[in-house]
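Please read the structure below before turning to the comments.
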Amino acid sequence: MSSLPSSRPLAPEPTWAVAHLFPPQGEWTENEFFALHGNRLIELVDGNLEVLPMPTWLHQLIVKFLVRAVESASGGFGEVLDAPLPIRLFEQNIREPDVMYFAPGSEPQDPRGYPSRVDLAMEVVSEGVEAARRDYEDKRRDYARAGIPEYWIVDPEQERVTVLVLDENAYRVHGEFRPGDTASSVLLPALMIDVSQVMQLGTSR
């Protein structure tokens with residue numbers, strides 16, 4: 001008895017012709033990256049494009065909380081911004097930290113351009129193994145290479161805040177803070193964050 005063909009449609013083919021209009025992975029230049037960059041969260045890593053997951057409600061609540069905390073701790077000195085804002089770390093590497101603090105003098109010379117120096121970067125870890133690897137491993141390596149003095153990893157899934165400070169060419173762990181702890185900064189001594197308060201964001205009140 002012959003079986004009837006499945007009525008379930010096959011997955012559509014990607015539009016390969018469009019892909020051929022762009023450089024292959026590993027060969028993207030900064031100009032080509034900025035020409036493509038639009039309403040998607042995209043980073044340039046060693047000439048390769050990385051499409052980031054769209055942030056969730058909780059992710060953005062944490063980012064908002066962190067921006068306000070850093071602004072308060074900075075006392076009005078420097079600038080605190082959040083993504084999207086491409087940062088030129090080094091050649092063929094452009095990242096977009098979730099939260100960025102620029103000390104006075106770190107601003108780009110042309111305000112219509114993009115900065116190449118950040119004094120404190122914060123990442124809120126999105127769901128999934130790939131996102132965690134990117135923030136804990138890849139960005140830790142890239143931010144250290146770029147000379148960013150301090151890097152915070154805020155992980156709502158693990159309920160942990162990791163604060164890293166630059167020691168010569170690599171980061172050392174200043175502290176791993178959990179609910180009940182107060183995460184502290186070396187760069188901005190006034191920056192003290194109640195980890196329990198961060199992890200409770202988005203919960204019903």
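The values are calculated or read from the model by the stated rules, or taken from the named source; none is laboratory data. Since this is a predicted model, take the numbers as computed values, not measurements. Glycine gets a Cβ as well: all are built from the backbone with ideal geometry, and neighbour counts include every protein chain shown.
Here is a yes/no grid of residues against (1) in contact with a Lys or Arg (Cβ under 9 Å, 6 or more places away or on another chain); (2) among the β-branched types (V, I, T); (3) loosely packed, with under 13 Cβ neighbours inside 10 Å; (4) farther than 21 Å from M54 by Cβ:
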site: E107; (1), (2), (3), (4): yes, no, no, yes
site: V124; (1), (2), (3), (4): no, yes, no, no
site: A146; (1), (2), (3), (4): yes, no, no, yes
site: R160; (1), (2), (3), (4): yes, no, no, yes
site: R172; (1), (2), (3), (4): no, no, yes, yes
site: A190; (1), (2), (3), (4): no, no, yes, yes
site: V195; (1), (2), (3), (4): yes, yes, no, yes
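Filtered by the rule that a residue be modelled with pLDDT of 80 or more and either aromatic (F, W, Y) or under 14 Å from the mean Cα position of the chain (by Cα) (or both), region 28-41 gives a lone residue, W28. Applying the criterion of being outside any strand (DSSP E or B) and over 23 Å from H59 (Cβ atoms) to the residues of region 159-173, the residue that is farthest from the chain's Cα centre (by Cα) is E168. Output yes when any residue across region 63-82 is more than 21 Å from T162 (Cα to Cα), assigned by TED's automatic domain parsing to the domain that holds R160, at pLDDT 90 or above and not in a loop (DSSP other than H, G, I, E, B), and no when none is. Looking through region 63-82, at least one residue is more than 21 Å from T162 (Cα to Cα), assigned by TED's automatic domain parsing to the domain that holds R160, at pLDDT 90 or above and not in a loop (DSSP other than H, G, I, E, B). Return the residues of region 42-62 that are under 27 Å from I193 (Cα atoms) and either surrounded by fewer than 18 Cβ atoms within 10 Å (Cβ to Cβ) or modelled with pLDDT of 95 or more (or both); say none if nothing qualifies. Selection gives L52, P53, M54, P55, T56, W57, L58, Q60, L61, I62.
Annotation note: Cβ proximity below 9 Å between a residue of region 111-131 that is closer than 25 Å to L187 by Cβ and outside the structural domain of E43 (by TED's automatic domain parsing) and a residue that is polar (S, T, N, Q) and crowded, with 21+ Cβ neighbours inside 10 Å (sequence gap 6+ or interchain) occurs for L120/S185.
Yes or no, residue by residue, for (1) in a strand (DSSP E or B); (2) among the polar types (S, T, N, Q); (3) more than 17 Å from the chain's Cα centre (by Cα):
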{"position": "A131", "(1), (2), (3)": "no, no, no"}
{"position": "E137", "(1), (2), (3)": "no, no, no"}
{"position": "R141", "(1), (2), (3)": "no, no, no"}
{"position": "G147", "(1), (2), (3)": "no, no, no"}
{"position": "W152", "(1), (2), (3)": "yes, no, no"}
{"position": "E157", "(1), (2), (3)": "no, no, no"}
{"position": "G175", "(1), (2), (3)": "yes, no, yes"}
{"position": "L188", "(1), (2), (3)": "no, no, yes"}
{"position": "L201", "(1), (2), (3)": "no, no, yes"}
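Filtered by the rule that a residue be β-branched (V, I, T) and more than 21 Å from V198 (Cβ to Cβ), region 63-117 gives I87, I94.
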